[in-house]
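Input: a single structure, listed below in C-alpha coordinates.
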Amino acid sequence: MKSETSTFQITPSERFAWVDLTDDLRRAIKDSGVTNGMAVAYCRHTTCALLINEWEDGAMSDFRQRLEAIVPDDIYYAHDDMERRTQNLQESHERQNGHAHVKLMLLGATSHSIPVAAGEPMFGRWQRLLLVELDEPKEREIVFHVFGE
Amino acid sequence: MKSETSTFQITPSERFAWVDLTDDLRRAIKDSGVTNGMAVAYCRHTTCALLINEWEDGAMSDFRQRLEAIVPDDIYYAHDDMERRTQNLQESHERQNGHAHVKLMLLGATSHSIPVAAGEPMFGRWQRLLLVELDEPKEREIVFHVFGE
Amino acid sequence: MKSETSTFQITPSERFAWVDLTDDLRRAIKDSGVTNGMAVAYCRHTTCALLINEWEDGAMSDFRQRLEAIVPDDIYYAHDDMERRTQNLQESHERQNGHAHVKLMLLGATSHSIPVAAGEPMFGRWQRLLLVELDEPKEREIVFHVFGE
(Lines give C-alpha, C1' and ligand atoms only; values in the text may rest on other atoms or scores of the structure.)
Protein backbone atom coordinates (compact mmCIF):
# COMPACT_ATOMS: atom_id res chain seq x y z
CA MET A 1 0.00 0.00 0.00
CA LYS A 2 1.22 3.49 -0.87
CA SER A 3 0.10 6.63 0.91
CA GLU A 4 1.06 10.14 -0.21
CA THR A 5 0.01 13.63 0.89
CA SER A 6 0.70 16.78 -1.11
CA THR A 7 -0.22 20.39 -0.47
CA PHE A 8 -0.36 23.30 -2.85
CA GLN A 9 -1.36 26.96 -2.87
CA ILE A 10 -3.51 28.96 -5.23
CA THR A 11 -4.81 32.52 -5.14
CA PRO A 12 -8.22 32.96 -6.79
CA SER A 13 -8.53 36.25 -8.65
CA GLU A 14 -11.75 37.58 -7.07
CA ARG A 15 -14.86 36.67 -5.13
CA PHE A 16 -16.67 33.81 -6.86
CA ALA A 17 -13.65 32.99 -8.97
CA TRP A 18 -13.56 29.31 -9.90
CA VAL A 19 -10.36 27.30 -10.12
CA ASP A 20 -10.28 23.94 -11.90
CA LEU A 21 -8.18 21.58 -9.76
CA THR A 22 -8.80 18.44 -11.84
CA ASP A 23 -5.36 18.37 -13.43
CA ASP A 24 -3.68 19.09 -10.10
CA LEU A 25 -5.47 16.09 -8.60
CA ARG A 26 -4.49 13.94 -11.60
CA ARG A 27 -0.87 14.94 -11.15
CA ALA A 28 -0.94 14.18 -7.41
CA ILE A 29 -2.28 10.70 -8.21
CA LYS A 30 0.42 10.09 -10.84
CA ASP A 31 3.14 11.33 -8.48
CA SER A 32 1.92 9.01 -5.70
CA GLY A 33 2.33 5.94 -7.90
CA VAL A 34 -1.11 4.69 -6.80
CA THR A 35 -3.03 2.93 -9.56
CA ASN A 36 -6.00 1.55 -7.59
CA GLY A 37 -7.28 3.14 -4.41
CA MET A 38 -8.74 6.50 -3.52
CA ALA A 39 -7.94 10.19 -3.22
CA VAL A 40 -9.12 12.78 -0.73
CA ALA A 41 -9.25 16.44 -1.79
CA TYR A 42 -9.30 18.72 1.24
CA CYS A 43 -9.63 22.51 1.53
CA ARG A 44 -8.01 24.06 4.63
CA HIS A 45 -10.34 27.07 4.86
CA THR A 46 -13.67 28.22 6.25
CA THR A 47 -14.80 30.57 3.45
CA CYS A 48 -14.11 28.74 0.18
CA ALA A 49 -15.52 25.46 -1.11
CA LEU A 50 -14.59 22.40 -3.16
CA LEU A 51 -17.29 21.22 -5.55
CA ILE A 52 -17.44 18.39 -8.06
CA ASN A 53 -19.43 19.53 -11.07
CA GLU A 54 -19.20 20.62 -14.69
CA TRP A 55 -16.93 23.46 -15.82
CA GLU A 56 -19.47 25.47 -17.76
CA ASP A 57 -19.69 29.23 -17.31
CA GLY A 58 -23.50 29.26 -17.36
CA ALA A 59 -23.92 26.64 -14.64
CA MET A 60 -21.28 28.30 -12.47
CA SER A 61 -22.99 31.67 -12.86
CA ASP A 62 -26.41 30.09 -12.11
CA PHE A 63 -24.96 28.61 -8.93
CA ARG A 64 -23.64 31.99 -7.83
CA GLN A 65 -27.04 33.62 -8.44
CA ARG A 66 -28.87 31.05 -6.35
CA LEU A 67 -26.33 30.92 -3.54
CA GLU A 68 -26.36 34.74 -3.25
CA ALA A 69 -30.19 34.70 -3.25
CA ILE A 70 -30.22 32.19 -0.39
CA VAL A 71 -27.39 33.84 1.58
CA PRO A 72 -27.46 37.54 0.69
CA ASP A 73 -24.45 39.79 1.28
CA ASP A 74 -26.43 42.79 2.44
CA ILE A 75 -28.16 41.45 5.55
CA TYR A 76 -26.97 41.54 9.16
CA TYR A 77 -24.23 39.05 10.12
CA ALA A 78 -23.34 38.78 13.78
CA HIS A 79 -19.92 37.52 12.67
CA ASP A 80 -19.25 40.97 11.20
CA ASP A 81 -20.65 42.99 14.12
CA MET A 82 -17.60 44.40 15.87
CA GLU A 83 -19.78 45.88 18.61
CA ARG A 84 -20.73 42.39 19.62
CA ARG A 85 -17.92 40.10 18.64
CA THR A 86 -15.27 38.93 21.09
CA GLN A 87 -13.78 35.72 19.62
CA ASN A 88 -10.93 35.12 17.14
CA LEU A 89 -10.33 38.79 16.41
CA GLN A 90 -7.41 39.63 14.16
CA GLU A 91 -5.00 42.38 15.11
CA SER A 92 -4.90 44.12 11.78
CA HIS A 93 -8.44 44.18 10.50
CA GLU A 94 -11.27 41.75 10.43
CA ARG A 95 -12.81 40.78 7.09
CA GLN A 96 -16.55 41.28 6.60
CA ASN A 97 -17.12 37.69 5.57
CA GLY A 98 -19.98 36.35 7.70
CA HIS A 99 -21.87 35.61 4.48
CA ALA A 100 -19.00 33.41 3.24
CA HIS A 101 -18.91 31.36 6.46
CA VAL A 102 -22.64 30.73 6.17
CA LYS A 103 -22.33 29.83 2.49
CA LEU A 104 -19.66 27.22 3.17
CA MET A 105 -21.58 25.75 6.11
CA LEU A 106 -24.64 25.35 3.88
CA LEU A 107 -22.58 23.74 1.13
CA GLY A 108 -20.69 21.52 3.58
CA ALA A 109 -18.08 21.14 0.87
CA THR A 110 -14.65 20.96 2.49
CA SER A 111 -13.57 17.46 1.40
CA HIS A 112 -14.30 14.91 -1.30
CA SER A 113 -13.35 11.23 -1.52
CA ILE A 114 -12.79 9.98 -5.05
CA PRO A 115 -12.01 6.38 -6.04
CA VAL A 116 -8.93 5.90 -8.23
CA ALA A 117 -8.60 3.24 -10.96
CA ALA A 118 -5.84 2.75 -13.53
CA GLY A 119 -4.04 5.75 -12.04
CA GLU A 120 -6.92 8.15 -12.71
CA PRO A 121 -9.69 9.64 -10.54
CA MET A 122 -12.96 7.87 -11.43
CA PHE A 123 -14.68 11.08 -12.52
CA GLY A 124 -17.71 10.81 -14.75
CA ARG A 125 -17.67 12.47 -18.16
CA TRP A 126 -18.59 15.97 -16.96
CA GLN A 127 -17.12 15.94 -13.47
CA ARG A 128 -14.32 18.33 -12.57
CA LEU A 129 -12.91 19.20 -9.16
CA LEU A 130 -13.62 22.90 -8.64
CA LEU A 131 -12.65 25.39 -5.98
CA VAL A 132 -15.00 28.33 -5.60
CA GLU A 133 -13.87 31.40 -3.67
CA LEU A 134 -16.71 32.70 -1.46
CA ASP A 135 -14.71 35.45 0.27
CA GLU A 136 -12.39 38.22 -0.92
CA PRO A 137 -9.51 36.43 -2.65
CA LYS A 138 -6.42 35.36 -0.76
CA GLU A 139 -3.96 32.48 -0.86
CA ARG A 140 -5.69 29.14 -0.37
CA GLU A 141 -4.16 25.78 0.51
CA ILE A 142 -5.46 22.48 -0.85
CA VAL A 143 -4.37 19.02 0.32
CA PHE A 144 -4.52 15.83 -1.71
CA HIS A 145 -4.14 12.54 0.11
CA VAL A 146 -3.81 9.51 -2.18
CA PHE A 147 -3.47 5.90 -1.11
CA GLY A 148 -3.85 2.40 -2.45
CA GLU A 149 -1.81 -0.04 -4.48
CA MET B 1 -5.10 -4.73 3.88
CA LYS B 2 -7.72 -5.39 1.23
CA SER B 3 -8.88 -2.82 -1.28
CA GLU B 4 -11.75 -3.39 -3.71
CA THR B 5 -13.60 -1.14 -6.16
CA SER B 6 -16.93 -2.03 -7.76
CA THR B 7 -19.15 -0.13 -10.15
CA PHE B 8 -22.80 -0.61 -10.96
CA GLN B 9 -25.52 1.04 -13.01
CA ILE B 10 -29.07 2.01 -12.16
CA THR B 11 -31.72 3.92 -14.05
CA PRO B 12 -34.06 5.96 -11.81
CA SER B 13 -37.65 5.97 -13.05
CA GLU B 14 -38.28 9.72 -13.10
CA ARG B 15 -37.13 13.08 -11.81
CA PHE B 16 -36.87 13.01 -8.03
CA ALA B 17 -37.01 9.24 -7.97
CA TRP B 18 -35.17 7.83 -4.96
CA VAL B 19 -33.12 4.64 -5.08
CA ASP B 20 -32.08 2.85 -1.88
CA LEU B 21 -28.46 1.74 -2.34
CA THR B 22 -27.96 0.43 1.21
CA ASP B 23 -28.12 -3.23 0.26
CA ASP B 24 -25.86 -2.70 -2.73
CA LEU B 25 -23.27 -1.13 -0.43
CA ARG B 26 -23.65 -4.00 2.05
CA ARG B 27 -23.07 -6.50 -0.75
CA ALA B 28 -19.98 -4.63 -1.98
CA ILE B 29 -18.55 -4.76 1.54
CA LYS B 30 -19.26 -8.49 1.86
CA ASP B 31 -17.75 -9.18 -1.57
CA SER B 32 -14.59 -7.25 -0.65
CA GLY B 33 -13.94 -9.44 2.37
CA VAL B 34 -13.23 -6.33 4.48
CA THR B 35 -14.47 -6.64 8.06
CA ASN B 36 -12.96 -3.47 9.58
CA GLY B 37 -12.14 -0.39 7.56
CA MET B 38 -14.15 2.05 5.51
CA ALA B 39 -16.22 2.40 2.36
CA VAL B 40 -16.54 5.27 -0.08
CA ALA B 41 -19.76 5.65 -2.07
CA TYR B 42 -19.21 7.82 -5.14
CA CYS B 43 -21.63 9.11 -7.78
CA ARG B 44 -20.10 9.78 -11.22
CA HIS B 45 -22.58 12.50 -12.25
CA THR B 46 -23.24 16.22 -12.03
CA THR B 47 -27.06 16.20 -11.74
CA CYS B 48 -27.93 13.48 -9.21
CA ALA B 49 -26.99 13.21 -5.53
CA LEU B 50 -26.10 10.66 -2.86
CA LEU B 51 -27.68 11.33 0.53
CA ILE B 52 -27.56 9.48 3.83
CA ASN B 53 -30.93 9.77 5.53
CA GLU B 54 -34.14 7.91 6.40
CA TRP B 55 -36.22 6.11 3.79
CA GLU B 56 -39.58 7.63 4.63
CA ASP B 57 -41.86 8.89 1.89
CA GLY B 58 -42.91 11.98 3.83
CA ALA B 59 -39.37 13.17 4.57
CA MET B 60 -38.30 12.53 0.97
CA SER B 61 -41.28 14.51 -0.32
CA ASP B 62 -40.58 17.33 2.17
CA PHE B 63 -37.00 17.50 0.92
CA ARG B 64 -38.16 17.77 -2.67
CA GLN B 65 -40.58 20.61 -1.79
CA ARG B 66 -37.87 22.62 -0.06
CA LEU B 67 -35.18 22.00 -2.65
CA GLU B 68 -37.53 23.04 -5.45
CA ALA B 69 -38.52 26.16 -3.48
CA ILE B 70 -34.86 27.13 -3.09
CA VAL B 71 -33.87 26.23 -6.67
CA PRO B 72 -36.98 26.67 -8.82
CA ASP B 73 -37.28 25.02 -12.21
CA ASP B 74 -39.00 27.94 -13.88
CA ILE B 75 -36.41 30.70 -13.58
CA TYR B 76 -33.65 31.64 -16.03
CA TYR B 77 -30.61 29.38 -16.14
CA ALA B 78 -27.65 30.53 -18.20
CA HIS B 79 -26.68 26.85 -18.52
CA ASP B 80 -29.83 26.30 -20.59
CA ASP B 81 -29.52 29.45 -22.71
CA MET B 82 -28.48 28.20 -26.13
CA GLU B 83 -28.14 31.78 -27.40
CA ARG B 84 -25.33 32.31 -24.94
CA ARG B 85 -23.75 28.97 -24.27
CA THR B 86 -20.58 27.85 -26.02
CA GLN B 87 -19.05 25.09 -23.82
CA ASN B 88 -19.62 21.33 -23.63
CA LEU B 89 -22.43 21.28 -26.18
CA GLN B 90 -23.78 17.90 -27.19
CA GLU B 91 -24.34 17.08 -30.83
CA SER B 92 -27.81 15.63 -30.48
CA HIS B 93 -29.66 17.84 -28.07
CA GLU B 94 -28.82 19.56 -24.86
CA ARG B 95 -30.88 18.83 -21.74
CA GLN B 96 -32.51 21.74 -19.93
CA ASN B 97 -30.96 20.84 -16.61
CA GLY B 98 -29.37 24.00 -15.23
CA HIS B 99 -31.59 23.67 -12.16
CA ALA B 100 -30.21 20.18 -11.49
CA HIS B 101 -26.58 21.33 -11.65
CA VAL B 102 -27.34 24.09 -9.15
CA LYS B 103 -29.19 21.67 -6.88
CA LEU B 104 -26.28 19.25 -6.75
CA MET B 105 -23.75 22.05 -6.17
CA LEU B 106 -25.83 23.26 -3.21
CA LEU B 107 -26.12 19.76 -1.79
CA GLY B 108 -22.44 19.01 -2.40
CA ALA B 109 -23.37 15.35 -2.15
CA THR B 110 -21.23 13.37 -4.56
CA SER B 111 -19.37 11.11 -2.13
CA HIS B 112 -19.72 9.69 1.37
CA SER B 113 -17.15 7.96 3.58
CA ILE B 114 -18.60 5.35 5.89
CA PRO B 115 -16.68 3.36 8.51
CA VAL B 116 -17.06 -0.43 8.34
CA ALA B 117 -17.10 -2.74 11.39
CA ALA B 118 -17.84 -6.47 11.57
CA GLY B 119 -18.34 -6.49 7.80
CA GLU B 120 -21.16 -3.92 7.91
CA PRO B 121 -21.39 -0.17 7.23
CA MET B 122 -21.68 1.63 10.58
CA PHE B 123 -25.03 3.18 9.73
CA GLY B 124 -27.19 4.41 12.57
CA ARG B 125 -30.66 2.96 13.06
CA TRP B 126 -32.43 5.15 10.47
CA GLN B 127 -29.59 5.78 8.04
CA ARG B 128 -29.84 4.53 4.48
CA LEU B 129 -27.68 5.37 1.46
CA LEU B 130 -29.99 7.08 -1.04
CA LEU B 131 -29.57 8.26 -4.59
CA VAL B 132 -31.90 11.06 -5.64
CA GLU B 133 -32.31 11.86 -9.32
CA LEU B 134 -32.40 15.64 -9.87
CA ASP B 135 -32.53 15.56 -13.68
CA GLU B 136 -34.61 13.66 -16.21
CA PRO B 137 -33.85 9.99 -15.58
CA LYS B 138 -31.01 8.20 -17.35
CA GLU B 139 -28.52 5.50 -16.55
CA ARG B 140 -26.37 6.41 -13.55
CA GLU B 141 -23.11 4.86 -12.39
CA ILE B 142 -22.18 4.45 -8.74
CA VAL B 143 -18.76 3.37 -7.43
CA PHE B 144 -18.08 1.69 -4.11
CA HIS B 145 -14.50 1.58 -2.86
CA VAL B 146 -13.96 -0.59 0.21
CA PHE B 147 -10.72 -1.12 2.06
CA GLY B 148 -9.39 -2.31 5.38
CA GLU B 149 -8.63 -5.61 7.07
CA MET C 1 -0.54 0.41 7.93
CA LYS C 2 -2.61 1.00 11.05
CA SER C 3 -6.40 1.21 11.07
CA GLU C 4 -8.43 2.15 14.12
CA THR C 5 -12.12 2.87 14.68
CA SER C 6 -13.49 4.55 17.81
CA THR C 7 -17.01 5.55 18.77
CA PHE C 8 -18.21 7.99 21.38
CA GLN C 9 -21.45 9.51 22.61
CA ILE C 10 -22.44 13.07 23.34
CA THR C 11 -25.73 14.68 24.28
CA PRO C 12 -26.13 18.24 22.95
CA SER C 13 -27.95 20.53 25.39
CA GLU C 14 -30.67 21.86 23.10
CA ARG C 15 -31.74 22.37 19.51
CA PHE C 16 -28.99 24.16 17.58
CA ALA C 17 -26.45 23.44 20.28
CA TRP C 18 -22.93 23.20 18.85
CA VAL C 19 -20.35 20.73 20.11
CA ASP C 20 -16.67 21.16 19.25
CA LEU C 21 -15.28 17.72 18.41
CA THR C 22 -11.82 18.88 17.35
CA ASP C 23 -10.06 17.68 20.47
CA ASP C 24 -11.91 14.36 20.40
CA LEU C 25 -10.68 13.83 16.84
CA ARG C 26 -7.14 14.79 17.84
CA ARG C 27 -7.24 12.26 20.68
CA ALA C 28 -8.55 9.52 18.38
CA ILE C 29 -5.66 10.18 16.00
CA LYS C 30 -3.09 10.07 18.84
CA ASP C 31 -4.63 6.87 20.23
CA SER C 32 -4.48 5.21 16.80
CA GLY C 33 -0.72 5.77 16.53
CA VAL C 34 -1.17 7.02 12.95
CA THR C 35 1.19 9.86 12.05
CA ASN C 36 0.52 10.14 8.30
CA GLY C 37 -2.73 9.12 6.69
CA MET C 38 -6.32 10.24 7.02
CA ALA C 39 -9.28 10.33 9.38
CA VAL C 40 -12.99 9.96 8.70
CA ALA C 41 -15.46 11.64 11.07
CA TYR C 42 -18.90 10.05 10.74
CA CYS C 43 -22.23 10.93 12.38
CA ARG C 44 -24.67 8.02 12.81
CA HIS C 45 -27.86 10.12 12.68
CA THR C 46 -30.38 11.62 10.29
CA THR C 47 -31.16 14.89 12.12
CA CYS C 48 -27.81 16.33 13.24
CA ALA C 49 -24.83 17.44 11.15
CA LEU C 50 -21.03 17.55 11.18
CA LEU C 51 -19.54 20.79 9.85
CA ILE C 52 -15.97 22.00 9.48
CA ASN C 53 -15.87 25.72 10.18
CA GLU C 54 -14.86 28.38 12.69
CA TRP C 55 -15.99 28.30 16.31
CA GLU C 56 -17.31 31.84 16.56
CA ASP C 57 -20.66 32.53 18.18
CA GLY C 58 -21.66 35.12 15.60
CA ALA C 59 -21.02 32.88 12.58
CA MET C 60 -22.82 29.96 14.23
CA SER C 61 -25.81 32.17 15.01
CA ASP C 62 -25.79 33.56 11.44
CA PHE C 63 -25.83 30.02 10.10
CA ARG C 64 -28.82 29.12 12.27
CA GLN C 65 -30.73 32.21 11.08
CA ARG C 66 -30.19 31.37 7.42
CA LEU C 67 -30.87 27.65 7.74
CA GLU C 68 -34.12 28.34 9.60
CA ALA C 69 -35.10 30.90 6.94
CA ILE C 70 -34.54 28.34 4.18
CA VAL C 71 -36.15 25.43 6.05
CA PRO C 72 -38.76 26.94 8.40
CA ASP C 73 -40.09 25.02 11.38
CA ASP C 74 -43.65 26.21 11.03
CA ILE C 75 -44.61 24.87 7.60
CA TYR C 76 -46.23 21.55 6.72
CA TYR C 77 -43.99 18.48 6.80
CA ALA C 78 -45.42 15.22 5.48
CA HIS C 79 -42.92 13.42 7.74
CA ASP C 80 -44.81 14.79 10.75
CA ASP C 81 -48.32 14.14 9.42
CA MET C 82 -49.59 11.19 11.45
CA GLU C 83 -52.77 11.06 9.37
CA ARG C 84 -50.70 10.19 6.36
CA ARG C 85 -47.57 8.49 7.57
CA THR C 86 -47.20 4.70 7.57
CA GLN C 87 -43.43 4.01 7.64
CA ASN C 88 -40.91 3.69 10.50
CA LEU C 89 -43.38 4.62 13.22
CA GLN C 90 -42.15 4.44 16.79
CA GLU C 91 -44.28 2.79 19.45
CA SER C 92 -43.96 5.49 22.08
CA HIS C 93 -44.28 8.77 20.26
CA GLU C 94 -42.98 10.17 17.07
CA ARG C 95 -40.87 13.34 17.12
CA GLN C 96 -41.99 16.29 15.03
CA ASN C 97 -38.67 16.58 13.24
CA GLY C 98 -39.42 16.72 9.52
CA HIS C 99 -37.66 20.08 9.39
CA ALA C 100 -34.48 18.52 10.81
CA HIS C 101 -34.42 15.72 8.22
CA VAL C 102 -34.74 18.29 5.44
CA LYS C 103 -32.02 20.47 6.98
CA LEU C 104 -29.54 17.60 7.12
CA MET C 105 -30.37 16.47 3.58
CA LEU C 106 -29.68 20.02 2.33
CA LEU C 107 -26.41 20.20 4.26
CA GLY C 108 -25.37 16.71 3.18
CA ALA C 109 -22.98 16.77 6.13
CA THR C 110 -22.76 13.28 7.61
CA SER C 111 -19.06 12.53 7.05
CA HIS C 112 -15.78 14.34 6.50
CA SER C 113 -12.41 13.02 5.34
CA ILE C 114 -9.44 14.84 6.80
CA PRO C 115 -5.79 14.20 5.91
CA VAL C 116 -3.45 13.55 8.87
CA ALA C 117 0.21 14.66 9.04
CA ALA C 118 2.65 14.52 11.96
CA GLY C 119 -0.10 12.92 14.03
CA GLU C 120 -2.47 15.88 13.63
CA PRO C 121 -5.52 16.55 11.44
CA MET C 122 -4.48 18.98 8.68
CA PHE C 123 -6.99 21.62 9.72
CA GLY C 124 -6.40 25.17 8.57
CA ARG C 125 -6.00 27.93 11.15
CA TRP C 126 -9.73 28.51 11.77
CA GLN C 127 -11.10 25.05 11.05
CA ARG C 128 -12.79 23.09 13.83
CA LEU C 129 -14.89 19.93 13.59
CA LEU C 130 -18.37 20.88 14.79
CA LEU C 131 -21.51 18.92 15.49
CA VAL C 132 -24.73 20.90 15.23
CA GLU C 133 -27.93 19.48 16.68
CA LEU C 134 -30.87 20.13 14.34
CA ASP C 135 -33.48 18.19 16.33
CA GLU C 136 -34.53 18.11 19.97
CA PRO C 137 -31.43 16.98 21.86
CA LYS C 138 -30.73 13.33 22.54
CA GLU C 139 -27.68 11.09 22.76
CA ARG C 140 -25.66 11.13 19.55
CA GLU C 141 -22.97 8.73 18.40
CA ILE C 142 -19.90 9.81 16.43
CA VAL C 143 -17.39 7.46 14.79
CA PHE C 144 -13.77 8.27 13.98
CA HIS C 145 -11.92 5.97 11.63
CA VAL C 146 -8.18 6.67 11.38
CA PHE C 147 -5.70 4.88 9.18
CA GLY C 148 -2.24 5.27 7.72
CA GLU C 149 1.33 4.79 8.83
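The values are calculated or read from the model by the stated rules, or taken from the named source; none is laboratory data. Computed from a predicted structure; not experimentally measured. In this analysis, Cβ positions are derived from the backbone assuming ideal geometry, glycine residues included, and neighbour counts consider all displayed protein chains. The accessibility values were calculated without ligands, DNA or RNA, using every heavy atom of the protein model including side chains. Shrake-Rupley method; radii C 1.70, N 1.55, O 1.52, S 1.80 Å.
Points to keep in mind about this one:
- The listed residues A:T35, B:T11, once ranked by accessible area (1.4 Å probe) with the largest placed first, stand as B:T11, A:T35.
- With helices as the sole contributors, the protein assembly as shown gives -7000 deg cm²/dmol at 222 nm; each DSSP H run of n ≥ 4 counts as -39500 (n - 2.57), and the sum is divided by every residue.
- Angle in degrees between helix B:57-70 and the longest Cα principal axis of chain B, rounded to the nearest 10: 40
- Solvent-accessible area of the protein assembly as shown (1.4 angstrom probe, protein heavy atoms only): carbon and sulfur portion equals 42 percent.
- Gain in span if fully extended, B:K30 to B:A17, counting 0.36 nm per residue against the direct Cα distance: 2.0 nm
- Take the accessible area of A alone and of B alone, subtract that of the pair with a 1.4 Å probe, and the total buried over both chains is about 3100 Å².
- In degrees, nearest ten, helix B:22-32 long axis to first principal axis of chain B (Cα): 50
- Per-copy distances of the A:E14 label point, shortest first, in nm (7 angstrom along Cα→Cβ): 4.4, 4.4
- Degrees separating the helix C:98-107 axis from the principal Cα axis of chain C, which is the longest one: 40
- 1.4 Å probe accessible area per residue over segment B:1-129, in Å²: 40
- Ranked from shortest, the separations from the 7 Å Cα-to-Cβ label point of A:Q96 to its equivalents in the other copies are 3.9, 3.9 nm.
- Using a 7 Å Cα-to-Cβ projection, B:E120 label spacings across copies, nm, ascending: 3.8, 3.8
- In nm, spacing of pseudo-spin labels at C:R125 and A:D73 (7 Å Cα→C-beta vector): 2.3
- Pairs from A:K2/B:K30; C:K2/C:K103; A:K2/C:K138; A:K30/A:K138; B:K138/C:K138; A:K103/C:K138 whose Cα-Cα separation, in the structure shown, is over 30 Å: C:K2/C:K103; A:K2/C:K138; B:K138/C:K138
- The mean sequence separation of alpha-carbon pairs under 8 Å and at least six residues apart, normalised by the residue count of segment B:29-101, gives a relative contact order of 31 percent.
- Centroid-to-centroid separation of segment B:108-149 and segment A:30-86 [C-alpha atoms, Å]: 23
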